[in-house]
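Here the structure comes first, spelled out in structure tokens, and everything after it is commentary.
FYI, it's all coordinate maths here, none of it is from the lab. All values derive from a computational prediction rather than experimental measurement. Glycine also receives a Cβ, built like all others from the backbone with ideal geometry; neighbour counts cover every protein chain displayed.
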Amino acid sequence: MTDSFSASEINHLRAMTPGTRHRVHLNNAGAALMTTGVVSTVVDYLNLEADIGGYEAKAQEIDRIEGVYGSVARLLNADPGEIALAENATVAWQWAFYAQRFEAGDRILTTTAEYAANYLSYLQIAKRTGTVIDLIPDDAEGRLDPWALEAMIDERVRLIAITWVPTNGGLVNPAAEVGRIANAHGIPYLLDACQAVGQLPVDVAQLGCDMLAATGRKFLRGPRGTGFLYMKRALLERTEPAMIDMYGATWAGGDRYDLRRDARRFETWESNYAARLGLGAAIEEALAIGIPRI
Ligand SMILES: Cc1ncc(COP(=O)(O)O)c(C=O)c1O
């Protein structure tokens, strides 16, 4: 298959995206125009909830709802059990970050172009625990410099957390090179892939990341209010979420509880299933077109 799109394919893709009829919309880094397939998936499910009731709609459509985990997993080359669905990327990222343990003197290594909300979380943990935030120097082109990162590693580095594609500008950080360094030193690696998913091929095995958070509404063209977390199985099994409810855990009697074995240990019981299904539809559309081609 050729990498380029034919004129008729472009016409077809534009016809699937009704917002393109009346404007030139370049704000995918904010929230992209949704396709008719995504919108009808959301609206049809909402109508079903209105028609038969929210709990009944979920019971009826449970296979499709479960299928969204599979769609995200296929997008990332992960296992569905390693995926948690969230209401945005920030919450997904926070689930991963605040589940890490930090002590005074520990170090978090991050980039000069880190997403501001992530950096605020580092500041909060630094204030609470005495953890130190260290910035990985840039190379001549403004990307984080893997050689400089390698030179910064010592036994106090507790987490490497970077943004792959920062929100503003065209910078693409060398995420897989960071993964090789993190893995070689056994340091947990949290990747913010918010502006990458839907725009770049994302393969968590090839990236070597232990945790990855992303949103649905940007280059994936899903609905607003959607996001997801990937956490590698080996890390997941020893990670206690910062907060739990009776979806992520089960009261086992007395003072004991059991965490779910999969990444849904981070989730809570109530969710916007219409939006989730819309996310699943958007991912399937992107996969059908082919991420490398996109
Ligand atoms: C790099 C990056 N990380 C995280 C986020 C937060 O995503 P969300 O708004 O889905 O929480 C954004 C949103 O602009 C982003 O650009």
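At q = 0.19, 0.22, 0.25, 0.27 Å⁻¹, what log₁₀ I(q)/I(0) does a Debye calculation on the Cα points of segment 239-294 give, no solvent, two decimals?
So the normalised log intensities are -0.75, -0.84, -0.93, -1.00.
As an exercise, identify the trypsin sites (Lys or Arg not before Pro) in segment 135-210 lying in DSSP coil whose Cβ has no more than 13 other Cβ atoms within 10 Å.
Arg156
Sorted from largest down, give the three principal axis spans of the alpha carbons of the chain, whole angstrom values.
Cα extents, longest axis first: 58, 55, 32 Å.
Listed highest first by mean packing, meaning other Cβ atoms within 10 Å per residue, what order do 278-291, 213-226, 241-254 come in?
So the order, starting with the most tightly packed, is 213-226, 278-291, 241-254.
Per residue, what volume in Å³ does the Cα convex hull of segment 10-125 take up?
195 Å³
Could you work out how far apart the two model spin labels at Glu66 and Ala249 are, taking each label as a point 7 Å from the Cα in the direction of the beta carbon, and quote it in nm?
2.6 nm
Kindly state, to the nearest 0.05, the FRET efficiency for Trp147 paired with Ala126, given R0 = 22 Å and r defined as their beta-carbon distance.
0.30
Can you compute the helix-only [θ] at 222 nm over the chain? Use -39500 (n - 2.57) per DSSP H run of at least 4 residues, normalise by all residues, nearest 500 deg cm²/dmol.
After summing the helix terms and dividing by the residues of the chain, the value is -11500 deg cm²/dmol.
State the answer as a single residue: which of Pro223, Pro18, Ala86 lies farthest towards the positive end of the charge dipole of the chain, with beta carbon charges of +1 for Lys and Arg and -1 for Asp and Glu, about the Cα centre.
Value: Pro18.
Report the FRET efficiency, 1/(1 + (r/R0)^6), for Asn183 and His22, where r is their Cβ-Cβ distance and R0 is 41 Å, rounded to 0.05.
The formula returns an efficiency of 0.30 here.
Arranged by the count of other C-beta atoms within 10 angstrom, fewest first, what order do Asp210, Asp51 take?
Least to most surrounded, the residues fall as Asp51, Asp210.
Nearest 5 percent is fine: what portion of the DSSP beta bridges confined to segment 148-234 is antiparallel?
Roughly 40 percent of the beta bridges in segment 148-234 run antiparallel, per DSSP.
For Lys127, give me every one of the aspartates and glutamates with a C-alpha distance below 15 angstrom, ignoring sequence neighbours fewer than eight places off in its own chain.
List returned: Glu103, Asp106.
For the chain, give the share of DSSP beta bridges that are antiparallel, in percent and rounded to the nearest 5; count only bridges with both residues there.
45 percent
Cα atoms only: what Rg and Dmax, in Å, come out for segment 144-281?
In order Rg, Dmax, the Cα atoms of segment 144-281 give 17.0, 54 Å.
Please enumerate, by chain and number, the aspartates and glutamates with C-alpha under 16 Å from the C-alpha of Lys218, excluding those fewer than 8 residues away in the same chain.
Glu87, Asp192, Glu284, Glu285
Given Cα pairs under 8 Å that are at least 6 residues apart, what percent is the relative contact order of the chain?
Taking the mean separation of contacting Cα pairs over the length of the chain, I get 25 percent.
Report relative contact order for segment 129-288 in percent, whole number only (criteria: Cα-Cα under 8 Å, sequence separation at least 6).
With pairs under 8 Å counted, the relative contact order is 15 percent.
I'd like the Karplus ³J(HN,Hα) series for segment 181-190: coefficients 6.51, -1.76, 1.60, θ = phi - 60°, whole numbers in Hz, and an x wherever there's a Gly or Pro.
Values, residue by residue: 5, 4, 5, 4, 9, x, 9, x, 10, 10 Hz.
Among the GluC sites (Glu not before Pro) in segment 113-177, which ones are in a DSSP loop with at most 14 other Cβ atoms within 10 Å of the Cβ? Mind listing them?
Passing sites in segment 113-177 are Glu141, Glu155.
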